[in-house]
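Asker: Have a look at this one.
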Amino acid sequence: MSTHDSNKTQRTVKLGSTGPEVFPLGLGCMGMSGMYGATDDAESIRTIQTAIDRGVTLIDTGDFYGMGHNELLVGRALVGRREKVQVSVKFGALRGPDGSWGGVDTRPAAVKNFVAYSLKRLGVDVIDIYRPARLDPAVPIEDTIGAIADLVKAGYVRHIGLSEVGVETIRRAHRVHPIVDLQIEYSLASRSPEAEIFPVLQELGISATLYGVFSRGLLTGSKPKGPGDFRAYLPRFTGANREKNEDVVAHLQRFASEHGMTPGQLAIAWVSARQPGFVPVVGAKTVAQLEDSLGALARTLSKDELAAIDALGTISGERYGAEQMKHLDSERHAHP
């Protein structure tokens with residue numbers, strides 16, 4: 001048994017009315033497969049295994065992260081620990097051998113193909129939560145969810161989730177099969193789900209796993225590390241937005257320091273305080289980053305502290321460029 005097993009007494013959060021109980025912080029593994037520059041597989045595996053030993057139960061990946069590299073990595077990390085975790089997998093995004101993006105495919109035949117490859121790469125018999133990464137404009141959501149429901153009946157998938165979709169899609173999907181959670185970006189910098197999406201989730205008994213809690217490192221002072229780092233092309237990291245945002249981030253860092261927190265801990269504590277029934281998913285790539293994130297669970301922000309943080313300023317710029325924003329079902333509904 002791990003010396004950190006006492007961590008497992010930490011409260012859990014139930015994913016939706018029909019989903020599993022999970023630790024109140026999830027680990028997102030995308031950054032371990034090169035999206036933000038160079039990575040170290042040995043350190044990535046150590047980070048995943050340390051997270052599990054510290055009580056983290058939700059491990060999130062995507063079959064297209066590093067064109068399968070991420071699932072293979074997670075699979076290696078899960079050896080001997082599989083029964084301690086819920087593995088959440090996004091599917092449907094198409095990649096070329098040069099890393100290019102080719103849209104989304106969530107036809108029922110594609111769903112069954114994707115899941116077969118994911119089970120093999122992860123080295124598991126069943127995926128705990130399976131979700132389309134984005135809405136496929138060519139396929140009714142009912143067809144996609146129906147295909148995953150068939151996989152649930154056949155024992156290859158336990159629960160169904162969604163990712164970055166708006167209220168109408170959420171309602172339509174939930175009518176076909178219970179949805180346990182919506183994965184969506186939410187942070188001090190990205191608050192649009194508060195208006196329409198979160199109220200609908202609460203109405204339907206669906207949870208949320210909240211990624212982008214650090215706004216891709218913006219809130220912790222991280223900067224793009226060269227042309228291979230896709231943040232170099234995002235609106236919040238470029239032009240006039242960058243200067244305005246650096247100013248707001250400096251205020252946030254000062255606030256964190258005055259309250260005995262790191263900027264990352266402040267970002268997580270803010271999300272947990274704003275949405276206590278939902279689960280922040282952090283993209284820690286190293287054991288040190290993971291330990292810092294786990295430290296946030298000991299912090300509870302008061303209403304006064306939340307108001308003081310809101311008064312420090314607003315982050316400027318959309319989370320993606322205009323073309324990508326246009327394709328996000330979640331954003332179409334958030335900005336009618």
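Asker: Which of the following residues is of a type in the set (Ser, Thr, Tyr), assigned to a loop (DSSP other than H, G, I, E, B) and either more than 15 Å from GLU318 (Cα to Cα) or in contact with a helix residue (DSSP H, G or I) (Cβ under 8 Å, 6 or more places away or on another chain) (or both): SER222, SER257?
Answerer: Step by step, each of SER222, SER257 is checked, and only SER222 is of a type in the set (Ser, Thr, Tyr), assigned to a loop (DSSP other than H, G, I, E, B) and either more than 15 Å from GLU318 (Cα to Cα) or in contact with a helix residue (DSSP H, G or I) (Cβ under 8 Å, 6 or more places away or on another chain) (or both).
Asker: Any residue that is farther than 27 Å from THR50 by Cα and touching a strand residue (DSSP E or B) at 6+ places or on another chain (Cβ under 9 Å) - is there at least one of those in region 301-321?
Answerer: Yes: region 301-321 contains one or more residues that are farther than 27 Å from THR50 by Cα and touching a strand residue (DSSP E or B) at 6+ places or on another chain (Cβ under 9 Å).
Asker: For the subset of region 84-133 comprising residues that are of a type in the set (Lys, Arg) and out of contact with any strand residue (DSSP E or B) (no Cβ under 6 Å at 6 or more places or on another chain), which member is nearest to ALA154 (Cα to Cα)?
Answerer: LYS112
Asker: Condition check: crowded, with 22+ Cβ neighbours inside 10 Å and either touching a Pro at 6+ places or on another chain (Cβ under 9 Å) or more than 28 Å from ARG332 (Cβ to Cβ) (or both). Does LEU122 satisfy that?
Answerer: In short, yes.
Asker: Next question, about the same structure. What are the residue pairs meeting all of these: first residue in region 319-333, first residue in contact (Cβ under 8 Å) with a residue 12 or more places away in the chain, second residue among the aliphatic types (A, V, I, L, M) and open to solvent by 30 Å² or more (accessible area, probe 1.4 Å), Cβ atoms under 6 Å, and 6 or more apart or on different chains?
Answerer: Going by the 6 Å Cβ cut-off, the qualifying pairs are ASP329/LEU135.
Asker: Same structure, new question: Out of ALA232, ALA308, I need the residue that is modelled with pLDDT of 85 or more, surrounded by 13 or more Cβ atoms within 10 Å (Cβ to Cβ), assigned to a helix (DSSP H, G or I) and on the phi < 0 side of the Ramachandran plot. Which one?
Answerer: Unique residue meeting the criteria: ALA308.
Asker: Then there is this: Of all residues being touching a residue at least 40 places away in the same chain (Cβ under 8 Å) and polar (S, T, N, Q) in region 239-284, which is least open to solvent (accessible area, probe 1.4 Å)? Just the residue, please.
Answerer: Taking the candidates together, the pick is ASN245.
Asker: Looking only at residues in region 58-93 that are open to solvent by 20 Å² or more (accessible area, probe 1.4 Å) and charged (D, E, K, R), which one is farthest from VAL126 (Cα to Cα)?
Answerer: Step by step, filter region 58-93, then rank; the result is ARG76.
Asker: Take region 175-193 and flag every residue that is at pLDDT 95 or above and open to solvent by 50 Å² or more (accessible area, probe 1.4 Å).
Answerer: If the condition is that a residue be at pLDDT 95 or above and open to solvent by 50 Å² or more (accessible area, probe 1.4 Å), then ARG175, VAL176, PRO178 are the ones that fit.
Asker: In this structure, is ARG216 of a type in the set (Lys, Arg), at pLDDT below 90 and in contact with a Leu (Cβ under 9 Å, 6 or more places away or on another chain)?
Answerer: Taking the combined requirement at face value, the residue satisfies it.
Asker: Please identify the pairs in which a residue from region 85-114 that is at positive phi has its Cβ atom under 7 Å from the Cβ atom of a residue that is buried (at least 24 other Cβ atoms within 10 Å of the Cβ) and assigned to a strand (DSSP E or B), counting only partners at least 6 apart or on another chain.
Answerer: GLY92/PRO132
Asker: Something else now. Give the residue that is farthest from GLY66 (Cα to Cα), with candidates limited to residues of region 106-118 that are in contact with an Asp or Glu (Cβ under 7 Å, 6 or more places away or on another chain) and surrounded by 19 or more Cβ atoms within 10 Å (Cβ to Cβ).
Answerer: THR106
Asker: Then there's this: When region 79-119 is examined, which residues are found to be touching a helix residue (DSSP H, G or I) at 6+ places or on another chain (Cβ under 9 Å) and of a type in the set (Phe, Trp, Tyr)?
Answerer: PHE91, TYR117
The values are calculated or read from the model by the stated rules, or taken from the named source; none is laboratory data. Remember, predicted model here, so these are calculated numbers, not experimental data. Virtual Cβ from ideal backbone geometry, glycine too; neighbours counted across all protein chains shown. Remember, those area values only see protein heavy atoms, side chains included, never the ligands or the DNA or RNA. Shrake-Rupley method; radii C 1.70, N 1.55, O 1.52, S 1.80 Å.
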